[in-house]
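Undergrad: Can you read through this structure? Questions will come right after.
Every read-out reported here was derived from the displayed coordinates using simple, explicitly stated rules and does not represent laboratory data. Everything quoted here is computed from the prediction, not taken from an experiment. Note that we place each Cβ from the backbone using ideal geometry, even for glycine, and neighbour counts take in every protein chain shown.
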Amino acid sequence: MQQEVFSCLKKIPFLAKLPDDALHALAMKAKPATFPKQTTIITEGEESSSLYIILSGKVRVFSSDNKSKEIHLLTQEPGSCFGELALLTNEPRSASVVALEKTLCGVISKSDFNHWVTLHPEVAINLLGVLAEKIRSLTQKVKQLALSNVYERTIKVLLEMATPQGDILVIDTRPTQYELATRVGSSREMINKIMQELIKGGYIVIDDKALKIVKKLPTSW
């Protein structure tokens, strides 16, 4: 497993430029952890401080309130990590993470990571840069929630999820209305209304498990 962890560490921005021997040393500290689909890996507000490197599978990062209303933050795949903020502070987890499919992670404890960082202090500067980029990304998301309406946010998410296939855009695994609602920051009922109008207008087509955008989506609704 350590070789898999090493390969993933090479893809993580704040670690990628380190010498191979340093990354091998860090990979040796990783312990394997497998999470079945829909398993909660991290719960917002809990006291834990490990770094998770995704070796296979896919996870969803989100935040929620005490009424179980959720807002999707991002989806992460192999070659990325989560939990890095906890390496720098003693604060509780700032978001929850759930496995979207069976996921294998290499888990490195805060104490092991901090001991390793003392030998490679340049990592701390790199990590601050990555965290600054995450703050900019989240700031943009907050700005979008504040300054655009539900329809505008919905079509933005659909376009971000879609990939070109010939003359159309396709989302191979069609998102559920609940998933869209958490990504957009809206109710499922409102998403349902928007999607039905887009289908009725011939802008999108549901094809088995895929969603196809066959015409340019209107900029306003």
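Undergrad: Can you give the relative contact order of the chain as a percent, counting alpha carbon pairs under 8 Å and 6+ residues apart?
TA: Computed value for the chain: 19 percent relative contact order.
Undergrad: Using a cut-off of 30 Å between alpha-carbon atoms, which lysines can reach K193, once sequence neighbours fewer than 8 places away in the same chain are excluded?
TA: K37, K58, K67, K69, K141, K143, K156, K209, K212, K215, K216
Undergrad: Can you give the Rg and Dmax of the range 60-154 based on its C-alpha atoms, in angstrom?
TA: Calculated on Cα positions, Rg and Dmax stand at 15.8, 50 Å.
Undergrad: Starting from the Cα of K10, step 7 Å along the direction of its Cβ; do the same at E84; then give the gap between the two resulting points in nm.
TA: If labels sit at K10 and E84, their model points lie 1.8 nm apart.
Undergrad: Here is a follow-up. If you take the charge dipole of the range 76-175 about its Cα centre, with +1 on Lys and Arg Cβ and -1 on Asp and Glu Cβ, which of P78, L158, L169 is farthest toward its positive end?
TA: L158
Undergrad: Let me ask something else. If you average 1/r across every pair of different Cα atoms in the range 22-92 and take the reciprocal, what Kirkwood value do you get, in Å?
TA: Kirkwood hydrodynamic radius for the range 22-92: 13.8 Å.
Undergrad: Starting from the Cα-Cα distance between S109 and I125, subtract it from 0.36 nm times their residue separation and give me the gain in nm to one decimal. Don't skip to the answer; put the middle values down first.
TA: Working: separation 16, 0.36 × 16 = 5.76 nm, distance 1.95 nm.
So the extension gain works out to 3.8 nm.
Undergrad: Next question. What three numbers, in Å, describe the spread of the alpha carbons of the chain along their principal axes, ordered from the longest?
TA: Reported extents, whole Å, longest axis first: 60, 38, 30.
Undergrad: Then there's this: Need one number: nm distance between label points at D172 and K31, each 7 Å from Cα along Cα→Cβ, rounded to one decimal.
TA: Spacing of the two 7 Å Cα→Cβ label points: 3.5 nm.
Undergrad: Another one. For the range 1-52, what Kirkwood radius comes out of the mean inverse Cα-Cα distance, in Å? Walk me through the numbers before you get to the answer.
TA: Numbers: mean 1/r = 0.0789 Å⁻¹.
This gives a value of 12.7 Å.
Undergrad: Same structure again: Mind checking which of N114, L23, Q140 is farthest towards the positive end of the range 1-149's charge dipole, using Cβ charges of +1 (Lys, Arg) and -1 (Asp, Glu) about the Cα centre?
TA: Result: Q140, furthest along the dipole toward the positive end.
Undergrad: If the viscosity is 1.306 mPa s and the temperature 10 °C, what translational diffusion coefficient in µm²/s does Stokes-Einstein give for the range 53-103 when Rh comes from Kirkwood over Cα pairs?
TA: Estimated via Stokes-Einstein, D reaches 134 µm²/s.
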